[in-house]
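Every number in this text was worked out from the coordinates using simple rules, so none of it is lab data. Predicted model, so just to flag it, every value in this text is computed and none were measured. Every residue, glycine as well, gets a Cβ built from its backbone with ideal geometry; the counts of neighbours run over all protein chains shown.
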Amino acid sequence: MCGIVAVTGYKKALPLLLNGLEKLEYRGYDSAGIAVINSETKNITCNKTEGKLKNLINNLNDKNIPGTVGIGHTRWATHGKPEVKNAHPHVDSTGTIAVVQNGIIENFQDLKNKLEKEDIIFKSDTDTEVIPHLIQRELNTLSKLKLENNGSTLLVAVRNVISDLEGSYALAVLWSGAPTSLVVARKQAPLIIGLGEGEFICASDTPAIANFTNIILPMEDEEIALLTPLGIEIYDSNNERQYRNPVSLKVSEQIIDKMNFKHFMLKEIYDQPETAKNWLENYLIKNSENGRYQINYPFDTDFFEEIERVDIIACGTSKHAAMVGSFLLEQFSGIPTNVYFASEFRYSPPPLLPNTLTIGVTQSGETADTIAAMDMEIKRRSSIDDKKFKPNLIAITNRKESSIGRQVSKIIDICAGIEVGVAATKTFFAQLLSFYGLAINFAQVKGTKSSNEIDQLISELINLPPLLEALIDKHNESSKKLAHDFFNIKDVIFLGRGINYPIALEGALKLKEISYIHAAGYPAGEMKHGPIALLDKKVPVISIASPGEVFDKVISNAQEAKARDSYLIGIAPECNGTEIFDCLMQIPSSNEWVTPLLNIIPLQLLSYHIAAHRGLDVDQPRNLAKSVTVE
Ligand code: AGP
């Protein structure tokens with residue numbers, strides 16, 4: 001979703017801004033822009049273009065834009081089409097204030113109506129444009145108090161304006177009255193300050209900062225900061241000055257490199273054996289007394305003893321991981337578990353039950369719906385004076401420094417390294433592993449599985465990395481061939497059952513989001529209750545058939561599809577029954593519990609190759625954003 005970069009220092013701002021914006025491209029956007037202030041003339045130069053960042057770079061065409069202070073933005077359209085007039089930065093009517101914003105100003109219409117009555121003419125359809133006009137009005141008021149034109153005055157003006165804003169935002173403001181200053185502020189949208197040599201950079205995410213410095217200060221919610229080349233001042237919402245130590249960026253938060261892969265998504269699919277190794281190294285330890293492996297999350301699991309049920313909140317792919325997690329927690333560990341779309345949970349939460357563990361799953365840690373749903377759950381549980389209802393929270397995330405990382409103290413960091421492709425692959429895989437860890441912990445604490453059963457599941461997890469490597473190599477080739485035959489298809493049905501039903505959903509989501517082909521996932525047994533009406537020879541069916549309790553049932557459901565002339569692709573090991581498939585994407589035999597971790601691989605590869613064959617922008621599919629920071 002929108003990305004912000006802002007810089008003040010002694011070096012030329014433009015290259016720093018463009019470099020930062022390039023590193024934020026992965027968040028998803030449809031227009032881009034910059035504003036740079038010349039500290040001598042105090043002029044603000046603003047440049048914006050529709051479409052990709054390269055359009056902005058071409059438009060700037062090596063123009064010499066002097067100035068060491070600037071702001072930049074990649075915009076993902078919410079209010080107003082992706083057109084130049086709606087691209088950020090937005091300026092006030094005097095051209096002396098420029099603003100970039102990520103978020104949604106929910107009361108913008110009321111504010112706009114008031115400003116229009118004061119004869120302010122709006123040039124865009126955005127919610128953001130109210131902000132520079134409001135700041136200008138505020139600065140006019142402050143000038144009557146004879147405040148000096150400096151960064152502190154801008155800080156006061158911005159603080160007064162944001163107190164009138166409803167919604168969520170991260171913003172950066174330039175003012176010609178204080179040409180070396182920047183004011184930045186955030187509420188429920190991320191902003192991180194990087195402390196470079198002779199410069200400060202503020203951005204929506206760490207990759208935009210990593211080229212300049214590896215020392216960062218993440219801003220807390222509702223903080224506002226003044227940045228000048230001489231230093232930074234941070235204030236909380238009560239206007240109290242904040243002092244805290246900066247932290248170092250991890251290497252994995254810095255590197256964005258496609259290596260020799262054509263797309264990040266393919267690289268990230270190939271990263272998965274390493275993702276599994278990292279996760280095992282981080283979370284599996286051998287008990288020196290009994291020689292058995294156990295899961296070692298960075299919090300004491302004693303509190304699991306009193307947990308009677310689990311609620312999981314997530315969106316998109318993270319929700320599919322949560323659904324596999326729910327299956328494991330119920331069927332392996334015997335804990336009643338519900339999974340909720342965060343966007344639904346926010347407005348129709350289930351009645352409160354005691355002794356509940358709430359798990360938020362979000363790779364980015366910034367998904368607005370997930371953060372808001374978790375926040376609501378924390379508030380409604382904290383308001384009850386009964387310890388059985390107290391909030392018990394765990395977050396599963398790839399960004400422990402993110403909003404969810406600050407919201408929740410028990411974090412399972414999935415340690416997948418930055419994922420650039422909008423379509424989640426390796427983070428999904430690491431989220432799945434994290435649920436295996438939780439299920440094992442719960443089964444141990446609750447005594448719902450024998451030591452042997454737990455040891456067997458752990459040894460299947462330990463064996464994963466080489467299996468995954470071979471599986472990826474094999475299906476990279478086979479799915480490329482299949483993609484050649486199917487790249488023009490209009491509809492695809494994915495079937496799975498039990499623990500693999502969410503994998504069918506995830507396979508369908510992957511195909512939809514990067515290839516724009518309609519796809520739907522169903523529990524295989526539901527086909528005959530409606531979706532079977534869709535089938536004919538033009539609609540291939542991809543059926544996940546893992547040996548286990550429901551194997552024969554899945555094969556029968558696949559037969560029903562074949563009888564309607566559908567081309568049948570099987571995701572299954574070679575065994576009795578799988579000869580019905582027109583094409584078998586072979587999976588190694590394994591314990592049924594771990595089959596999701598294998599079955600997802602050919603589905604990711606097939607989606608990737610179909611989208612690549614169609615010549616689409618695999619890593620930045622249209623209309624999508626990597627972290628969805630608006631509701
Ligand atoms: C994944 O391929 C999707 N792009 C999307 O569904 C994503 O999983 C969803 O927006 C949730 O993101 P999060 O994990 O960062 O919360």
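Work through the residues other than Arg159 whose Cβ is under 13 Å from its Cβ and net out their charges, Lys, Arg +1 and Asp, Glu -1.
On the way: positive: Arg186, Lys187, Arg241; negative: Glu138, Asp164, Glu222, Glu223, Glu233, Asp236, Glu240.
My count for the surroundings of Arg159 gives -4.
Charges only on Cβ, +1 for Lys and Arg, -1 for Asp and Glu: so what's the dipole of segment 458-522 about the Cα centre, in debye to the nearest 20?
200
Tell me the net charge near Arg292. Cut-off is 14 Å between Cβ atoms, Arg292 excluded, with +1 for each Lys or Arg and -1 for each Asp or Glu.
-1
Pairs on different chains or at least eight residues apart, Cα atoms closer than 16 Å: how many lysine pairs in segment 524-631 fit? If you can, show how the numbers build up before the last one.
On the way: Lys528/Lys553; Lys528/Lys562; Lys537/Lys562; Lys538/Lys562; Lys553/Lys562.
Going through segment 524-631 pair by pair, I get 5.
Over the alpha-carbon set of segment 3-253, divide Rg by the Kirkwood Rh and report the Rg/Rh ratio to two decimals.
0.93
Quick check on the exposure proxy: order Ile371, Ile472, Ile192 from fewest to most C-beta atoms within 10 angstrom.
With the sparsest Cβ surroundings first, the list reads Ile472, Ile192, Ile371.
Find which of Thr49, Ile517, Trp279 sits farthest along the positive direction of the dipole of the chain, computed with +1 on the beta-carbon of Lys and Arg, -1 on that of Asp and Glu, about the Cα centre.
Towards the positive end, the residue furthest out is Thr49.
Taking 4 °C and 1.567 mPa s as the conditions, I'd like the Stokes-Einstein D for the chain in µm²/s, using the Kirkwood hydrodynamic radius from alpha carbon pairs. Numbers along the way, then the final one.
Numbers: Rh = 25.9 Å.
D, rounded to a whole number, is 50 µm²/s.
Report the local net charge at His609: Lys and Arg +1, Asp and Glu -1, summed over other residues whose C-beta lies under 13 Å from its C-beta. Could you put the intermediate results ahead of the total?
Details: positive: Lys262, Lys480, Lys481, Lys510, Arg614; negative: Glu477, Asp485.
Value of the local net charge: +3.
How many nm separate the modelled label positions at Glu305 and Lys388, each set 7 Å beyond the Cα in the direction of the Cβ?
Spacing of the two 7 Å Cα→Cβ label points: 1.8 nm.
List the residues, sorted by chain then number, that are 5 or more residues from Ser31 or on another chain and whose placed amide H is less than 5 Å from its amide H.
Gly51, Arg75
For Lys85, give me every one of the lysines with a C-alpha distance below 19 angstrom, ignoring sequence neighbours fewer than eight places off in its own chain.
In chain and number order, the partners are Lys48, Lys52, Lys54, Lys112, Lys123.
Give the distance, in whole Å, between the Cα centre of segment 24-65 and the Cα centre of segment 135-160.
Their Cα centres are 27 Å away from one another.
So which aspartates and glutamates can Lys481 reach, going by Cα to Cα under 15 Å and dropping same-chain residues fewer than 8 places off?
Answer for Lys481, where 15 Å is the Cα cut-off: Asp473, Asp582, listed by chain and number.
So for segment 470-615, considering every pair of alpha-carbon atoms, how many percent are separated by more than 29 Å? Kindly include the intermediate steps, with their values, before the conclusion.
Working: 640 of 10585 pairs.
Every Cα pair in segment 470-615 considered, those over 29 Å come to 6 percent.
Over all directions, the average projected area of the alpha-carbon convex hull for segment 224-353 comes to how many nm²?
15.1
Run the simple label-point estimate for Glu220 and Leu624 please: 7 Å along Cα→C-beta, distance reported in nm.
Each label point lies 7 Å from its Cα, and together they span 3.6 nm.
Counting DSSP beta bridges with both partners in the chain, what percentage is antiparallel, nearest 5?
Beta bridges within the chain, antiparallel portion: roughly 65 percent.
How far apart, in nm, are two points set 7 Å out from the Cα along the Cα-to-Cβ line at Val84 and at Leu353?
Between Val84 and Leu353, the simple spin-label model gives 5.8 nm.
Taking the Cβ of each residue in Met376, Met259, Met323 as the centre, tally the other Cβ atoms inside 10 Å and list the residues starting with the fewest.
In order of increasing Cβ crowding within 10 Å: Met259, Met376, Met323.
Could you work out the equivalent-ellipsoid semi-axes for segment 259-462, taking the square root of 5 times each eigenvalue of the Cα gyration tensor, largest first, in whole Å?
Values: eigenvalues 135, 110, 36 Å².
That gives 26, 24, 13 Å for the three semi-axes.
If amide H atoms are built 1.01 Å from N in the plane of the peptide, which residues on other chains or at least 5 residues away come under 5 Å of the amide H of Ser168?
Ile104, Glu106
Which of Glu138, Glu129 has the fewest other C-beta atoms within 10 Å, and how do the rest follow up to the most?
Glu138, Glu129
Hydropathy first: keep DSSP H helices in the chain averaging at least -0.5 on Kyte-Doolittle, then drop any whose Cα extent along the axis falls short of 18 Å, and list what survives. Intermediate results must be reported in sequence, preceding the final value.
Numbers: long enough: 130-144 (22 Å, -0.04); 368-382 (21 Å, -0.45); 426-446 (30 Å, 0.72); 464-486 (30 Å, -0.46); 501-515 (21 Å, 0.34); 595-613 (28 Å, 0.88).
Span-like helices in the chain: 130-144, 368-382, 426-446, 464-486, 501-515, 595-613.
Cα to Cα, under 13 Å, and not fewer than 8 places away if on the same chain: which aspartates and glutamates meet these conditions relative to Lys42?
By straight Cα distance, Lys42 reaches no aspartates and glutamates at all.
Amide H neighbours of Val310 under 5 Å, at least 5 residues apart or on other chains, H built in the peptide plane: list them.
Thr337, Asn338, Leu357
Looking at segment 364-472, how many pairs of lysines come closer than 19 Å at the Cα, when each pair is eight or more places apart or spans two chains?
10
Tell me the mean residue ellipticity at 222 nm calculated for the chain from its helices only (DSSP H runs of n ≥ 4, each -39500 (n - 2.57), averaged over every residue, nearest 500).
On the way: 18 runs with 218 residues, N = 631.
Mean residue ellipticity at 222 nm (helix-derived): -11000 deg cm²/dmol.
So if we plug the beta-carbon distance of Lys12 and Asp552 into 1/(1 + (r/R0)^6) with R0 = 60 Å, what FRET efficiency do we get, rounded to 0.05?
Rounded to the nearest 0.05, the efficiency is 0.30.
Extension gain Asp473-Glu118, at 0.36 nm per residue separation less the Cα-Cα distance, in nm?
My answer for the length gained is 121.3 nm.
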